[in-house]
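Colleague: This is the structure, below, for whatever I ask next.
The values are calculated or read from the model by the stated rules, or taken from the named source; none is laboratory data. Every value quoted in this text rests on a predicted model; they were computed, and no experiment measured them. Cβ placement follows ideal geometry from the backbone for every residue including glycine, while neighbour counts extend to all protein chains displayed.
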Amino acid sequence: MILIYNTLLIVVLFAAFPLIIINIFFADKRRKTFFKRLGLFSNSFIFYKNKFGKSDKPVWIHALSVGEVISSEPLVEKIIDIYKRPVVFSVSTQTGYQTAKRVLGNKVDFLFFFPYDISFVIQSVIKRINPHVIVMIESDIWPNFMHTVKKEKIPTVLVNARLSMQSYKGYKRFSPLFTPMFLQFAAICTQTQNDSERFINLGLPKNNIITTGNIKFDQKFDNINRDDVKKLSVLIKSEINKKVFIAGSTHKGEEIILSKSFLNIRKVVKNSVFIVVPRNPDRAASVKNIFSDKGFSTIFYNDILSEKAKMKNKDVLIVEVMGALTTLYAISDVAFVGGSLVKEGGHNPLEPAFFSKPVIFGHDMKDFKLISEMLIKFSGAFFVNNDREISKAVLMLFTDSIKAGNMGNNAKKVFLKHNGAVDKIIEVIKTIEDNKQRKKKH
């Protein structure tokens, strides 16, 4: 099957070559990552080799993009803590790289782009990294990569794995290609028992599939600077205790809906402020225009932080930087999770849940399906469909402090009840290493 895959890959690459070239030249994010994903590392790779030499095989951790990078942090920290060897980290997207640099840059020993699934590129990168073990977060699994790590006898573990019914049907339909690829994992650590059963139904051995839970529940949101929280609370709420509605990780199309909602909210609760945190900070200026056009007085986050301007007479705070969302969730009263009113799959609702905030989100939470369903089931969150439902929900929570407090507490309980996946995954990796050592001895 790997021969068929590579033959098809060559045909597709030749057929699409003109489009690929155009994409590289005109798409900024493709231009920035293309050569790096061909395995052409910068000087940082030379530094990595000079620092650790050839004898210290690293643990290689891979995450596709932003969401996987953020959720991987507790696992990365645990691996760094228990392993006396280098830890390297790869991503596949430019935004993922930027996030990894911010979140993990001072923790891991080397940060780089995951190679394209071209056989000679994969072989070259794996030879240079020379990993002791590979840990892959959730997805981004490729046939040539898996074939090569199996051939080189590098134990590879898929963690936080999920397999929706739709994905399962697709894999089942093309099982001659996908089942052999999954068989090359030393272990697959799934989020739920349903995920485990679907992997087993693909023809994978039961003893290789372990339900360990979701590492998103192990994220540490309490490492924010408490002084920053107090400072922001004073700057944003001013002298009086304003009600704060926050929309985190919003996407294009959501802000116009939210602006209509906030118009209705302000009619009833005049002492309220809205914080908008676009998923892509580059959209901040256009987001500001949306709210300005509705008649709101707006201000950028950096202007508040530097105290160039005050929030006292402002309606809407636009956040044009990355890394501020967690702290802002901590001072909010009600949190909307973005990417859910449009077809983006939603974002992690556990972040506001950790701070005991009542959570609302739209109906597209497919990327966080289990978590959102848990929050709904235990009355820590609820769905909204449009601007009217958003304003109704926020007004109810603004005016009913008991209801808001109960919802926030329920959301926090869901977070606390389901953590512990990282420790289970570490045990799986240790078992794989022990088995490898026993095989060497025999």
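Colleague: Within segment 128-164, restricting attention to residues that are more than 19 Å from Ile210 (Cα to Cα) and among the basic types (Lys, Arg), which residue is surrounded by the most Cβ atoms within 10 Å (Cβ to Cβ)?
Modeller: Only one residue tops the list, namely Lys150.
Colleague: Which one is surrounded by the fewest Cβ atoms within 10 Å (Cβ to Cβ) among residues in segment 175-202 that are in contact with a strand residue (DSSP E or B) (Cβ under 8 Å, 6 or more places away or on another chain) and assigned to a helix (DSSP H, G or I)?
Modeller: For segment 175-202, the residue satisfying everything is Gln193.
Colleague: Counting only residues that are among the charged types (D, E, K, R) and not in a helix (DSSP H, G or I), which one in segment 219-252 is surrounded by the most Cβ atoms within 10 Å (Cβ to Cβ)?
Modeller: Ranking the candidates gives Lys243 first.
Colleague: Does Val88 satisfy the condition of being buried (at least 20 other Cβ atoms within 10 Å of the Cβ) and either under 26 Å from Asn348 (Cβ atoms) or modelled with pLDDT of 85 or more (or both)? Walk me through how you get there before you give the answer.
Modeller: Values: buried (at least 20 other Cβ atoms within 10 Å of the Cβ): yes; either under 26 Å from Asn348 (Cβ atoms) or modelled with pLDDT of 85 or more (or both): yes.
Judged against the criteria, Val88 is a match.
Colleague: Additional query: In segment 203-213, how many residues are in a strand (DSSP E or B) and buried (at least 21 other Cβ atoms within 10 Å of the Cβ)? Lay out the reasoning, then the answer.
Modeller: The first filter runs over segment 203-213 and keeps only residues in a strand (DSSP E or B), leaving 209-211.
Subset that is buried (at least 21 other Cβ atoms within 10 Å of the Cβ): 209.
Selection size over segment 203-213: 1.
Colleague: Name the pairs: first residue in segment 177-197 and in contact (Cβ under 8 Å) with a residue 60 or more places away in the chain, second residue of a type in the set (Phe, Trp, Tyr) and part of a helix (DSSP H, G or I), Cβ to Cβ under 8 Å, at least 6 apart or on different chains?
Modeller: Qualifying pairs under 8 Å: Leu177/Tyr5.
Colleague: Please verify whether Ser372 is on the phi > 0 side of the Ramachandran plot and among the hydroxyl-bearing types (Ser, Thr, Tyr), treating the condition exactly as stated. If you could, list the steps in order and put the result at the bottom.
Modeller: Details: on the phi > 0 side of the Ramachandran plot: no; among the hydroxyl-bearing types (Ser, Thr, Tyr): yes.
So Ser372 does not fit the description; no.
Colleague: Could I ask something else about it? Residues to consider are Gly339, Gly323; find the one that is assigned to a loop (DSSP other than H, G, I, E, B), small (Gly, Ala, Ser) and buried (at least 17 other Cβ atoms within 10 Å of the Cβ). Outline the logic, then answer.
Modeller: On the way: Gly323 fails: buried (at least 17 other Cβ atoms within 10 Å of the Cβ).
None of the other options fit; the residue is Gly339.
Colleague: While we're on this one: Within segment 253-285, can you find the residues that are touching a helix residue (DSSP H, G or I) at 6+ places or on another chain (Cβ under 9 Å), surrounded by fewer than 21 Cβ atoms within 10 Å (Cβ to Cβ), closer than 17 Å to Leu395 by Cα and among the polar types (S, T, N, Q)?
Modeller: Asn264, Ser272
Colleague: Still on this structure, I have one more. Which condition breaks for Lys206 when tested against (1) under 24 Å from Leu9 (Cβ atoms); (2) out of contact with any Phe, Trp or Tyr (no Cβ under 7 Å at 6 or more places or on another chain)?
Modeller: (1)
Colleague: Same structure, new question: For Val88, only one of the following conditions fails: (1) among the hydrophobic types (A, V, I, L, M, F, W, C); (2) in a helix (DSSP H, G or I); (3) touching a Phe, Trp or Tyr at 6+ places or on another chain (Cβ under 9 Å). What is its number?
Modeller: Of the numbered conditions (1) among the hydrophobic types (A, V, I, L, M, F, W, C); (2) in a helix (DSSP H, G or I); (3) touching a Phe, Trp or Tyr at 6+ places or on another chain (Cβ under 9 Å), the odd one out for Val88 is (2).
Colleague: Among the candidates Ile256, Ile290, Ile265, which residue alone is in contact with a strand residue (DSSP E or B) (Cβ under 7 Å, 6 or more places away or on another chain) and in the same structural domain as Met365 (by TED's automatic domain parsing)?
Modeller: Ile265
Colleague: Could you check Lys216 against (1) modelled with pLDDT under 95; (2) surrounded by fewer than 23 Cβ atoms within 10 Å (Cβ to Cβ) and say which number it fails?
Modeller: (2)
Colleague: Moving on. If you take the residues in segment 151-174 that are in a loop (DSSP other than H, G, I, E, B) and among the aliphatic types (A, V, I, L, M), which one is nearest to Gly67 (Cα to Cα)? Before the answer, list the steps.
Modeller: From segment 151-174, those in a loop (DSSP other than H, G, I, E, B) are 152-155, 162-164, 174; that's our starting set.
With the extra rule that they be among the aliphatic types (A, V, I, L, M), the set shrinks to 154, 163.
Values: Ile154: 26, Leu163: 17 Å.
Applying the filter and picking the extreme gives Leu163.
Colleague: So in segment 414-442, with the set limited to residues that are outside any helix (DSSP H, G or I) and of a type outside the set (Gly, Ala, Ser), which one is surrounded by the fewest Cβ atoms within 10 Å (Cβ to Cβ)?
Modeller: Here the residue is His442.
Colleague: Restricting attention to segment 236-248, which residues are within 22 Å of His347 (Cα to Cα) and out of contact with any helix residue (DSSP H, G or I) (no Cβ under 7 Å at 6 or more places or on another chain)? Before you say what the answer is, go through the steps one by one.
Modeller: Start the filter on segment 236-248 by keeping residues that are within 22 Å of His347 (Cα to Cα), which leaves 244-248.
Answer for segment 236-248, where residues must be within 22 Å of His347 (Cα to Cα) and out of contact with any helix residue (DSSP H, G or I) (no Cβ under 7 Å at 6 or more places or on another chain): there is none.
Colleague: Also, I was wondering about something else. Among the candidates Val121, Val125, single out the residue that is in a helix (DSSP H, G or I), at negative phi, surrounded by 21 or more Cβ atoms within 10 Å (Cβ to Cβ) and more than 21 Å from the chain's Cα centre (by Cα).
Modeller: Residue meeting the stated conditions: Val125.
Colleague: So which residues in segment 221-236 are among the basic types (Lys, Arg) and closer than 20 Å to Ala353 by Cβ, if there are any at all?
Modeller: Residue satisfying the conditions is Arg226 alone.
Colleague: Can I ask one more? Does segment 371-386 contain any residue that is part of a helix (DSSP H, G or I), closer than 22 Å to Phe217 by Cβ and hydroxyl-bearing (Ser, Thr, Tyr)?
Modeller: Yes.
Colleague: Which of the residues spanning segment 353-402 are in contact with a His (Cβ under 9 Å, 6 or more places away or on another chain), of a type in the set (Val, Ile, Thr) and modelled with pLDDT of 95 or more?
Modeller: Val384 - this is the single residue of segment 353-402 that is in contact with a His (Cβ under 9 Å, 6 or more places away or on another chain), of a type in the set (Val, Ile, Thr) and modelled with pLDDT of 95 or more.
Colleague: Okay, next question. Looking at Ser261, Ser249 in this structure, which one is closer than 22 Å to Ala353 by Cβ and either more than 23 Å from the chain's Cα centre (by Cα) or aromatic (Phe, Trp, Tyr) (or both)?
Modeller: None of the other options fit; the residue is Ser261.
Colleague: Quick one: in segment 291-320, which of the residues that are touching an Asp or Glu at 6+ places or on another chain (Cβ under 8 Å) and buried (at least 21 other Cβ atoms within 10 Å of the Cβ) is nearest to Lys230 (Cα to Cα)?
Modeller: For segment 291-320, the residue satisfying everything is Tyr301.
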